[in-house]
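The values are calculated or read from the model by the stated rules, or taken from the named source; none is laboratory data. All of these numbers come straight from a predicted model, not from anything done at the bench. Cβ placement follows ideal geometry from the backbone for every residue including glycine, while neighbour counts extend to all protein chains displayed. Side chains included, ligands, DNA and RNA excluded: accessible areas come from the protein's heavy atoms. Shrake-Rupley method; radii C 1.70, N 1.55, O 1.52, S 1.80 Å.
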Amino acid sequence: MSDRLFIFDTTLRDGEQVPGCQLNTVEKIQVAKQLEALGVDVIEAGFPISSPGDFNSVIEISKAVTWPTICALTRAVQKDIDVAADALKFAKHKRIHTGIGTSDSHIKYKFNSTREEIIERAVAAVKYAKRYVEDVEFYAEDAGRTENEYLARVVEAVIKAGATVVNIPDTTGYCLPEEYGAKIRYLMEHVDGIDKAILSTHCHNDLGMATANTISGVLNGARQVEVTMNGIGERAGNTSLEEVAMILRCHKDIDIDTNINTQKIYSTSRMVSSLMNMPVQPNKAIVGRNAFAHSSGIHQDGVLKNVQTYEIIDPKDVGIDDNAIVLTARSGRAALKHRLHVLGLEMTQEKLDKVYEDFLKLADKKKDITDDDIMVLAGADRNVNHHIKLEYLQVTSGVGVRSVASLGLNISGEHFEAAATGNGPVDAAIKAVKQIIKRQMTLKEFTIQAISKGSDDVGKVHMQVEYDGQMYYGFGANTDIIAASVEAYIDCINKFRK
């Protein structure tokens with residue numbers, strides 16, 4: 001009988017900490033339901049004490065999903081644990097995830113403490129959380145750089161205090177796979193009572209080794225992995241859920257199973273990418289646009305003769321259907337609804353009608369409608385309640401002439417117009433916006449991404465704007481890249497704190 005590996009998804013907590021990837025509660029519920037359908041065992045829904053929004057999201061996610069365990073993060077602080085317990089009151093299966101840094105660096109510089117005091121605080125936090133829930137997970141932050149003998153003392157102490165899961169994070173992504181695996185093995189062999197708890201991996205990708213470290217941890221005894229969809233997360237990201245799931249599916253000799261329905265991987269990936277405005281790099285393993293593409297003549301010849309010569313994964317195993325219905329301007333609502341369902345999106349008839357109207361407009365502009373186009377359309381209604389909206393945009397540009405842009409904005413029902421020249425059409429359009437929105441703001445980042453390779457494709461624009469000492473992130477999508485840029489800029493302005 002195969003060993004069971006528990007999948008702990010932290011897309012909605014660690015993943016959402018990426019600048020510009022914040023979701024509202026409705027969007028978080030949508031992702032949580034998709035994660036439930038995907039088959040994850042534990043959903044880390046947020047850090048309740050960090051903000052009212054996180055607190056409310058944990059409550060609503062607890063109501064929305066049925067069988068996964070809902071987890072709330074805390075520090076080793078009683079108030080954090082009180083708030084987390086309150087946020088989890090509607091969860092059918094609840095877990096409090098508490099912990100403290102254990103590396104000498106954290107103990108000395110972060111806590112100005114000693115090793116013995118840290119163990120005391122760790123034990124006290126677990127015992128306090130145990131008053132509220134049976135399922136308590138403890139994280140030893142920066143365990144990757146914690147000396148093994150001391151880490152074993154911490155793990156043994158928290159298990160005796162009642163921890164059911166102990167998380168061994170490589171917080172900085174520093175460990176080598178052999179080193180991280182050896183750390184897990186050391187704990188399995190040297191911690192008294194280790195059979196009473198599950199060891200968990202939580203690896204970051206700063207040096208590109210998150211998945212390798214996670215698998216090494218599993219091979220050495222860890223039976224929970226903490227992962228995110230598409231590997232999103234702070235800095236270089238976290239271990240990718242899809243990579244771990246497919247590694248175990250492909251390597252039958254490992255004989256460790258997960259509950260993941262791999263055929264829902266692609267739709268979940270696209271949903272997270274769309275809602276978080278976080279593009280998936282084309283060469284990303286499993287879910288990237290080029291993951292199953294072959295351009296080399298030798299590769300193409302081999303695949304045509306036998307697909308297994310260069311593909312170890314059947315695209316259908318991750319939910320990529322080569323026979324997907326092609327959407328055109330002549331497609332009806334039923335076809336669009338079906339494609340949205342395949343992509344993991346369910347919506348009311350009213351919202352479907354609005355998306356269908358936008359779909360027809362886009363289909364008239366371009367030849368092929370991609371899944372990414374559909375995801376952009378499905379998420380476009382998030383701007384409906386913005387108090388600043390772009391009404392029209394006209395740009396004149398060319399070689400040897402100064403670019404000129406004129407545009408109209410609707411600001412809370414009032415209409416404003418402006419025109420400006422600039423060093424290129426985007427610069428001119430943004431200067432025209434600034435003439436209307438008279439605030440001192442600085443464009444810090446401007447990224448353009450074409451979804452596929454067609455000249456008529458929808459372009460995505462991501463922007464970062466600094467205003468009043470704060471950073472704001474905006475997103476725009478349009479077949480006109482200049483319009484997408486202006487929409488992204490206006491999206492930033494709509495988020496300015498009043």
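On full extension, the segment bounded by Q22 and E466 gains 158.1 nm, given 0.36 nm per residue less the C-alpha separation. Of all DSSP bridge pairs formed entirely within the chain, close to 50 percent run antiparallel. In the list [x] 35; [y] 30; [z] 25, the label attached to percent of Cα pairs over 37 Å apart as derived from the coordinates here is [x].
The mean sequence distance of close C-alpha pairs (under 8 Å, at least 6 residues apart), as a share of the length of the chain, puts its relative contact order at 10 percent.
You can think of it this way: the chain between E178 and E414 has 78.7 nm of extra reach, that is 0.36 nm per residue less the Cα-Cα gap.
Applying 1/(1 + (r/R0)^6) with r as the Cβ-Cβ distance of D104 and K196 and R0 = 30 angstrom yields a FRET efficiency of 0.65.
The largest accessible area among E179, E27 belongs to the first residue in E179, E27, and the rest follow in falling order (1.4 Å probe, all chains). Of all aspartates and glutamates in the structure, the ones whose alpha carbon falls short of 14 Å from that of K431, not counting any fewer than 8 places away in one chain, are E417, E487. Here the stretch 25-49 is scanned for amide nitrogen atoms under 20 Å from the site 7 Å beyond the Cα of N494 along Cα-to-Cβ, giving 25-31. Between the Cα long axis of helix 115-130 and the first principal axis of the chain there is an angle of about 80°, rounded to the nearest 10. By accessible area, using a 1.4 Å probe on protein heavy atoms only, the chain has 50% of its surface on carbon and sulfur. Among the listed pairs K94/K130; K337/K460; K89/K130; K130/K196; K264/K316; K130/K160, those whose Cα-Cα separation exceeds 18 Å are K337/K460.
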